[in-house]
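Below is one structure, written out as structure tokens; comments come after it.
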Amino acid sequence: MPDNVLTLHYDIEGNDFTSAGEASGDVKRKLRMLGISPNTIRKLAVAMYEGEINQVIHANGGHIDVEITPQLIKIVLSDEGPGIPDVEAAMSEGFSTATEEIHNMGFGAGMGLPNMKKYSDTFELETEVGKGTVITMTVNIE
Amino acid sequence: MKLRDFVNDMGLRVFAGEDNLDTEVTGGYCGDLLSWVMGRAKPGDMWITIMSNLNTVAVAVMSDVAAVLMAEGVEPGDDVIQRARERDVVLLGSDEPIYELAAAVSKKLGEG
């Protein structure tokens, strides 16, 4: 691996809403220290936070690997959760399978995956029901 | 127009972020669905909401809003205030409904 790549790893606890967002917040702070532009940081932070929250809500937790190169930031979200049976539905705005309890916390708007796609420059989703989901996103550094 | 001007002129409570009231406010956004706010609120917005949980602070961090303005007399818990302080998030409050607050923020923004 080249010297100018910074890698970070986070383990996300399932159903832990008190520390949800801490991984994304940590990446955001590190990017700011690296002098990355605010617009790039915001895109990355929104996309990653949605992925982190999805792992907390739907996947009983997961892992997030972050790679920062001079050109782009790559985020790999992997989980061993239930998988997504209907990807097309999950990718459409407003579609949600979250419970009422989750809705009461302000989640489950059905904007998670759409926001991840909207705020990333590349977005790939691999999922298998019963096995889990891997999402790979990149955000170009301006 | 700075947060301080909104706090003073609208009589807002400051739950957290007393030291960050020089932040410039450039717009406003109303909403309680967190992903919706994350996707639509713009940096520098005054985010008006009735949500007051820990995730509200996280969304404020990610979306770079100028402040969270809790409407209808909603008060954040001590854990939320503590997290907001750690993350440099400004938490404000008012007894007014969201509609009235949005109108007041809009009017002040118009004054430049």
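Below, the figures for the structure above:
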quantity: Verdict on B:V89 being in contact with a Gly (Cβ under 7 Å, 6 or more places away or on another chain) and in a helix (DSSP H, G or I); calculated: no
quantity: Scope region B:1-32; condition in a helix (DSSP H, G or I) and either surrounded by fewer than 13 Cβ atoms within 10 Å (Cβ to Cβ) or not basic (K, R) (or both); matching residues; calculated: B:L3, B:D5, B:F6, B:V7, B:N8, B:D9, B:M10, B:E18, B:D19, B:N20
quantity: Exclusive hit being at pLDDT below 95 and either in contact with a strand residue (DSSP E or B) (Cβ under 7 Å, 6 or more places away or on another chain) or among the small types (G, A, S) (or both), set A:S37, A:S19; calculated: A:S19
quantity: Leading residue by the ranking (modelled with the highest pLDDT) among those in region B:14-43 that are over 16 Å from B:K108 (Cβ atoms) and of a type in the set (F, W, Y); calculated: B:F15
quantity: Subset of region A:30-42 that is surrounded by fewer than 23 Cβ atoms within 10 Å (Cβ to Cβ) and within 9 Å of chain B (Cβ to nearest Cβ) - its residue that is nearest to A:M105 (Cα to Cα); calculated: A:R42
quantity: Qualifying positions in region A:95-142 - at positive phi and facing another protein chain (nearest Cβ under 10 Å); calculated: A:G106, A:G108, A:G110
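Residue by residue, here is whether (1) more than 10 Å from every other protein chain (Cβ to nearest Cβ); (2) in contact with a Leu (Cβ under 9 Å, 6 or more places away or on another chain); (3) touching a residue at least 24 places away in the same chain (Cβ under 8 Å); (4) crowded, with 19+ Cβ neighbours inside 10 Å holds:
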position	(1), (2), (3), (4)
B:A67	yes, yes, yes, yes
B:I81	yes, yes, yes, no
B:G93	yes, yes, yes, yes
B:P97	yes, no, yes, no
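The values are calculated or read from the model by the stated rules, or taken from the named source; none is laboratory data. Since the model is a prediction, treat every value here as computed from it, not as a measurement. All Cβ positions, glycine included, derive from the backbone under ideal geometry; neighbour counts span all protein chains shown.
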